[in-house]
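**Q** One structure, pasted below without further comment.
The values are calculated or read from the model by the stated rules, or taken from the named source; none is laboratory data. As the structure is a prediction and not an experimental result, all values here were calculated from the model. As a convention, Cβ positions derive from the backbone with ideal geometry for all residues, glycine included, and neighbour counts pool all protein chains shown. Side chains are part of the model used for accessible areas, which takes the heavy atoms of the whole protein and leaves out ligands, DNA and RNA. Shrake-Rupley method; radii C 1.70, N 1.55, O 1.52, S 1.80 Å.
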Amino acid sequence: MATQVFKVPDSIRKDMRYGFCPGCDHGVAVRLVAECLDELNLKEKAITATSIGCSVCLYDYLEVDAVEAPHGRALAQATGIKRARPDKFVFTYQGDGDFASIGWGESSHAALRGENVTAICINNTTYGMTGGQLGPTTLLGQVTTTSPTGRNLEYYGYPIKITEHIAMYDGTAFAARVSLDTVPNINNAKKTIKKAFEYQMEGLGFSFVEILSTCPTNWRMTPQEAHERVRTQMMEIYKPGVYKDIKTLK
Amino acid sequence: MTETMTKPEEKVLIKGNYAIANAAILAGCECYFGYPITPQSEIGEFMSGKMQELNRAYVSAESELAAINMVMGACSTGAKAMTSSSSCAIALMQEALSYAASQEIPLVLISVMRGGPGLGNIYPSQGDYNQATIGGGNGDYKLTVLAPGNVQECVDLTYKAFYLAHKYRNPTILLADGLLGQMMEPVTFKDYPYPEIDNSGWALTGAKGRERRLLRSYAPLADVQCDFVRSLFDKYKKIEENEVMYEEYLTDDADLIVVSFGSLSRNVKSAVNVCREKGLKIGAFRPITLSPFPSKELSRLSNSAKKFLVTEINMGQMVKDVRLAVNGKVPVEFLGKPVGSMIDVEDIVTEIERQLEV
Ligand SMILES: Cc1ncc(C[n+]2csc(CCOP(=O)(O)OP(=O)(O)O)c2C)c(N)n1
Ligand code: SF4
């Protein structure tokens, strides 16, 4: 008898094709989110407030209720949703520009308040949707369309280490950084997202996962080169790991 | 006393801001999100205690940007939710208001005007007529705007704001001013007089037993966006047909009609009375819905009146809408000042008399 070993998650819309660029990690990340929603039986009680950026496409792919927040305001809207309907499962899926630049106020205050929601932040060191400009996470030396000779301190200042910041706040129950550059790391990313979701289900407070992600189009790289860059450059500065876990904290 | 009230049996003497907050509670407001700014901070203060006592949602938001987006999030689930703020802080909410209009999110925003532009000051002003009725958000959209003229109306129109917002799924602003917010008057709180609107056809509740729902404003295809904006304007037309409110005072035989809104209309009425005693045929007209604007009614009055005098505590904002309504049939003059206090009854009478002479 045949057993099914691979299928499209129920939380993925059946009539849609990914519009992400070929080789972009957004596709992998969305799938992991969908698998976690499936496995935790959350699809029917989930509501998401979307981010503006390539991540906005999330609502085209997920079979989940969604409201489209203005650029950066996802966690304010998620706060409103959760406060109005505490029995729902509320999450955001945001770009690093959305989360940590224009929305940094909303993001950090949601964490500070300990809002019982989950935020997933895709760190691809650039503003992907608008064509690869310098963003808050752009690495020192990185060439973008608005840092033509590379990010230097004089003009641009330092990049932000998002997870380290979020982990500092008392309201944060769980904060971790993962990457999608290898199969084991993808598996670990899924486990981590699931854990963040479970923390919300247990009512423990703000849970957060930063996903180191590729933007091959704007990096002008092949997907392989892009993953190599994640490994050799991004993971050097943005070290993967669990930065806060309220359950193991003494 | 006022801080703890919900539904007093008797008439009570109460400040406008508390009256609005208490009316919101009685209207069934489930969530309040806000950031302090004078002259409306009493609303947030009242709500902080009352909402917790009633086990409803309250958040001291980190900014007005956050507050209005929290309201949007809550309303997207069908909940009755609101924020309150003033002038320079409402400037921060314009992006969200455009999104909310487009996504048809039924939020309620209480705007208690102070002086401007910029930080301005905390004296009474009506300088945010344009901000409320035209708005600073992008694209083609209209909000519903209600302007109370006394504290009792602050209560009645707060009820109505929740009702209209949900009935039409359109963001609705209650536009008061610092004077109304800070003034005490006797008020009766009746029960919320409107039917509850069924939100079950669109609210985000989780995709259980149905397809997922999406409240979006982004339409990548031009013709889809065209059809969508047209449908919004069909809705605005319906609101205009059904919901325009205004007050007329002695307009039937009036040679000159004074048009004003909000708290200033009280002085206008007194000025009309003074003029009538002098034998002058003066009337008054007060739009209560500023958007939709009672253009048809003003147009009708321009067939009988020989002149309009618009007076506002600003440099001339509503006067443009009156001129559009009257469409050149008779002159529309203006008396105003930017900020500070009422325009005195004597000054209005003097201007009326001057306008009758020229
Ligand atoms: C208020 C506002 N400012 C700017 C934009 C334009 N904009 C759209 S997406 C985007 C950048 C998104 O970058 P990021 O959050 O890093 O997500 P990515 O596209 O890389 O996934 C910008 C600047 C906007 N839509 N709204
Ligand atoms: S622009 Fe970059 S982040 Fe956006 S879909 Fe393409 S590769 Fe992915």
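**Q** Out of curiosity, is B:Ile134 open to solvent by 50 Å² or more (accessible area, probe 1.4 Å) and more than 16 Å from B:Ser98 (Cβ to Cβ)? Break it down stepwise before answering.
**A** Working: open to solvent by 50 Å² or more (accessible area, probe 1.4 Å): yes; more than 16 Å from B:Ser98 (Cβ to Cβ): no.
Answer is no for this residue.
**Q** A further question follows. For the range B:135-164, enumerate the residues that are of a type in the set (A, V, I, L, M) and farther than 25 Å from B:Phe228 by Cα. Steps first, please.
**A** To start, the set of residues in the range B:135-164 that are of a type in the set (A, V, I, L, M) comprises B:143, B:145-147, B:151, B:155, B:157, B:161, B:164.
If the condition is that a residue be of a type in the set (A, V, I, L, M) and farther than 25 Å from B:Phe228 by Cα, then B:Leu146, B:Ala147, B:Val151, B:Val155, B:Leu157 are the ones that fit.
**Q** Check off (1) buried (at least 24 other Cβ atoms within 10 Å of the Cβ); (2) outside any loop (DSSP other than H, G, I, E, B); (3) in contact with an Asp or Glu (Cβ under 7 Å, 6 or more places away or on another chain) for A:Gly72 and give me the number that stays unchecked.
**A** Condition (2) is where A:Gly72 drops out.
**Q** Can B:Gly118 be described as farther than 25 Å from A:Leu112 by Cβ, open to solvent by 10 Å² or more (accessible area, probe 1.4 Å) and in contact (Cβ under 8 Å) with a residue 40 or more places away in the chain?
**A** Working: farther than 25 Å from A:Leu112 by Cβ: yes; open to solvent by 10 Å² or more (accessible area, probe 1.4 Å): yes; in contact (Cβ under 8 Å) with a residue 40 or more places away in the chain: no.
No, not satisfied.
**Q** Take the range B:52-81 and flag every residue that is out of contact with any Ser or Thr (no Cβ under 9 Å at 6 or more places or on another chain) and buried (at least 21 other Cβ atoms within 10 Å of the Cβ).
**A** The answer is B:Ala57, B:Leu65, B:Met72, B:Cys75, B:Ser76, B:Ala79, B:Lys80, B:Ala81.
**Q** On to the next question. Going through the range A:22-36 one residue at a time, which ones are open to solvent by 30 Å² or more (accessible area, probe 1.4 Å), at pLDDT 95 or above and within 16 Å of ligand 2 (Cβ to nearest atom)?
**A** Across the range A:22-36, the qualifying residues are A:Val28, A:Arg31.
**Q** Taking the range A:80-106 only, how many residues are within 7 Å of another protein chain (Cβ to nearest Cβ) and over 17 Å from B:Met93 (Cα atoms)?
**A** 5
**Q** Would you check if A:Asn218 is open to solvent by less than 50 Å² (accessible area, probe 1.4 Å) and either aliphatic (A, V, I, L, M) or assigned to a helix (DSSP H, G or I) (or both)?
**A** Spelling it out, A:Asn218 is indeed open to solvent by less than 50 Å² (accessible area, probe 1.4 Å) and either aliphatic (A, V, I, L, M) or assigned to a helix (DSSP H, G or I) (or both).
**Q** Any idea how many residues of the range A:227-245 are of a type outside the set (D, E, K, R) and open to solvent by 70 Å² or more (accessible area, probe 1.4 Å)?
**A** 5
**Q** Also, I was wondering about something else. Determine whether B:Gly44 is modelled with pLDDT of 95 or more and on the phi < 0 side of the Ramachandran plot. Lay out the reasoning, then the answer.
**A** Values: modelled with pLDDT of 95 or more: yes; on the phi < 0 side of the Ramachandran plot: yes.
Criteria met by B:Gly44.
**Q** Still on this model: When you go through (1) open to solvent by less than 10 Å² (accessible area, probe 1.4 Å); (2) away from chain B (no Cβ under 11 Å); (3) of a type in the set (Asp, Glu) one by one for A:Glu39, which number turns out not to apply?
**A** The number of the failed condition is (1).
**Q** Ok, one more. Regarding B:Gly16, is this residue touching a residue at least 40 places away in the same chain (Cβ under 8 Å), in contact with a helix residue (DSSP H, G or I) (Cβ under 6 Å, 6 or more places away or on another chain) and of a type in the set (Gly, Ala, Ser)? Before you say what the answer is, go through the steps one by one.
**A** Details: touching a residue at least 40 places away in the same chain (Cβ under 8 Å): yes; in contact with a helix residue (DSSP H, G or I) (Cβ under 6 Å, 6 or more places away or on another chain): yes; of a type in the set (Gly, Ala, Ser): yes.
Here the answer is yes, as B:Gly16 does meet what is asked.
**Q** Okay, moving on. Which ranges mark the strands (runs of 3 or more DSSP E) fully within the range B:13-130 that have 1 or more residues being away from chain A (no Cβ under 11 Å)?
**A** B:31-34, B:81-85, B:108-113
**Q** Right, here's the next one. Considering the range A:198-211 alone, what residues qualify as being in contact with a Phe, Trp or Tyr (Cβ under 8 Å, 6 or more places away or on another chain) and part of a helix (DSSP H, G or I)?
**A** Matches in the range A:198-211: A:Tyr199, A:Gln200, A:Met201.
**Q** If B:Asp223 meets every condition in (1) outside the structural domain of B:Gly28 (by TED's automatic domain parsing); (2) at negative phi apart from one, which number is that one?
**A** With (1) outside the structural domain of B:Gly28 (by TED's automatic domain parsing); (2) at negative phi applied to B:Asp223, the lone miss is (1).
**Q** Looking at (1) within 17 Å of the chain's Cα centre (by Cα); (2) more than 30 Å from B:Glu64 (Cβ to Cβ), which one does A:Glu44 not meet, given that it meets all the others?
**A** Failing condition for A:Glu44: (1).
**Q** Something else about it: Given the options A:Gly131, A:Gly114, A:Gly72, name the one that is touching a residue at least 40 places away in the same chain (Cβ under 8 Å) and within 14 Å of ligand 1 (Cβ to nearest atom).
**A** When all the criteria are applied, what remains is A:Gly131.
**Q** Now for a different question. Which ones in the range B:36-54 are of a type in the set (D, E, K, R) and within 21 Å of B:Gly116 (Cβ to Cβ)?
**A** Matches in the range B:36-54: B:Glu42 only.
**Q** Any chance the range A:51-69 includes a residue that's within 13 Å of the chain's Cα centre (by Cα), facing another protein chain (nearest Cβ under 8 Å) and within 16 Å of ligand 2 (Cβ to nearest atom)?
**A** yes
**Q** Of the numbered conditions (1) away from chain A (no Cβ under 14 Å); (2) open to solvent by less than 30 Å² (accessible area, probe 1.4 Å); (3) not in a helix (DSSP H, G or I), B:Leu204 satisfies every one except a single condition; which is it?
**A** Only one criterion in (1) away from chain A (no Cβ under 14 Å); (2) open to solvent by less than 30 Å² (accessible area, probe 1.4 Å); (3) not in a helix (DSSP H, G or I) is unmet by B:Leu204, namely (1).
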